[in-house]
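The values are calculated or read from the model by the stated rules, or taken from the named source; none is laboratory data. Everything quoted here is computed from the prediction, not taken from an experiment. With ideal geometry, Cβ positions are generated from the backbone for all residues, glycine too; neighbour counts draw on all protein chains shown. Note: accessible area is taken over every heavy atom of the protein model, side chains too, but ligands, DNA and RNA are not part of it. Shrake-Rupley method; radii C 1.70, N 1.55, O 1.52, S 1.80 Å.
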Amino acid sequence: IAVYSKQYGFTLAMNNHKTKAHTTASIVKVAMLTQLLHQHAQNHDTLSGTERAAAVGAIEHSNNVDATTLYHAIGQGQGLTTLFSNLNLSQSRAYASGWVSTTTASDQLKWLNEIFGNGTYLTAKSKAYIKDLMQHVASDQNWGISAGSRDFALKNGWRLNGNNNTWIVNSIGQIGSGNNSATIAIFSDQNSSLKHGIATVEKLAKFTGVALNLPTSKN
């Protein structure tokens, strides 16, 4: 888990696997959209209709087909590698094929703060666009860090570990609003079930919300 409190101006990161990066699962879909919007801004143009539809599907519904559309639009693994390099995400790695990558909670805070903070990698319009999508995830996606506050913008990721039948469950985004907010990234692995992983993530998010006195959580 890694948390940056805007109100108090501090970052806290804890990891019981200090040398291990975590599999991103579907949270990387926000990274792909971030890079696509950056590329369009560099080219002084905007998302195509197909790309905009894919962005909604990938972020609000976590649709994998739509995510693959974004992945190819940014130049596949090289696009993610460029994003990680540009934002100095030294503990994040993209692969030559397939959009699932590895990262750490601390690295995730760096680019979450680009979206929800004063970073310059994205235009103000692009930041607002990503935030709006993350604030309007479908009802079946509304779990994870949203346990920390009634105000939230999130993206979740979950994946079955085929080798031992355990679950990866991740959740990233912002909880709270305005100055009374925090960016947060929670990664969990080796969960006995998806339900157990969600409960673990939400326990950490709720504790964070209470500790930072954020607007009352949904739970």
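Given the residues SER126, SER217, SER192, SER149, which is the only one that is modelled with pLDDT of 95 or more, over 25 Å from SER92 (Cβ atoms), open to solvent by 10 Å² or more (accessible area, probe 1.4 Å) and among the polar types (S, T, N, Q)?
On the way: SER126 fails: over 25 Å from SER92 (Cβ atoms); SER217 fails: modelled with pLDDT of 95 or more; SER149 fails: open to solvent by 10 Å² or more (accessible area, probe 1.4 Å).
Answer to the check: SER192.
I need a count of the residues in the range 8-46 that are open to solvent by less than 60 Å² (accessible area, probe 1.4 Å) and either among the aromatic types (Phe, Trp, Tyr) or over 30 Å from THR69 (Cβ atoms) (or both). So the count comes out to 3.
Based on what the data block shows, is THR216 over 16 Å from the mean Cα position of the chain (by Cα) and touching a residue at least 60 places away in the same chain (Cβ under 8 Å)? Judged against the criteria, THR216 is a match. Scan the range 1-50 for residues that are part of a helix (DSSP H, G or I), among the hydrophobic types (A, V, I, L, M, F, W, C) and under 22 Å from LEU160 (Cβ atoms) and the total you get is 6.
Please go through the range 52-79 and give me each residue that is of a type outside the set (A, V, I, L, M) and open to solvent by less than 20 Å² (accessible area, probe 1.4 Å), ordered by number. Write out each step before concluding.
Just the residues of the range 52-79 that are of a type outside the set (A, V, I, L, M), to begin with: 52, 57, 60-64, 66, 68-69, 71-72, 75-79.
Those that are of a type outside the set (A, V, I, L, M) and open to solvent by less than 20 Å² (accessible area, probe 1.4 Å): GLY57, SER62, TYR71, GLY77, GLY79.
Taking the listed residues ASN113, ASN163, the one that is modelled with pLDDT under 95 and either buried (at least 16 other Cβ atoms within 10 Å of the Cβ) or farther than 20 Å from ILE198 by Cβ (or both) is ASN163, with no other qualifying.
If you take the residues in the range 80-99 that are in a helix (DSSP H, G or I) and more than 23 Å from VAL137 (Cβ to Cβ), which one is least open to solvent (accessible area, probe 1.4 Å)?
Here is the first cut: in the range 80-99, the ones in a helix (DSSP H, G or I) are 80-86.
Still in the running and more than 23 Å from VAL137 (Cβ to Cβ): 81-82, 84-86.
Details: THR81: 58, THR82: 46, PHE84: 13, SER85: 84, ASN86: 85 Å².
Residue satisfying both the conditions and the ranking: PHE84.
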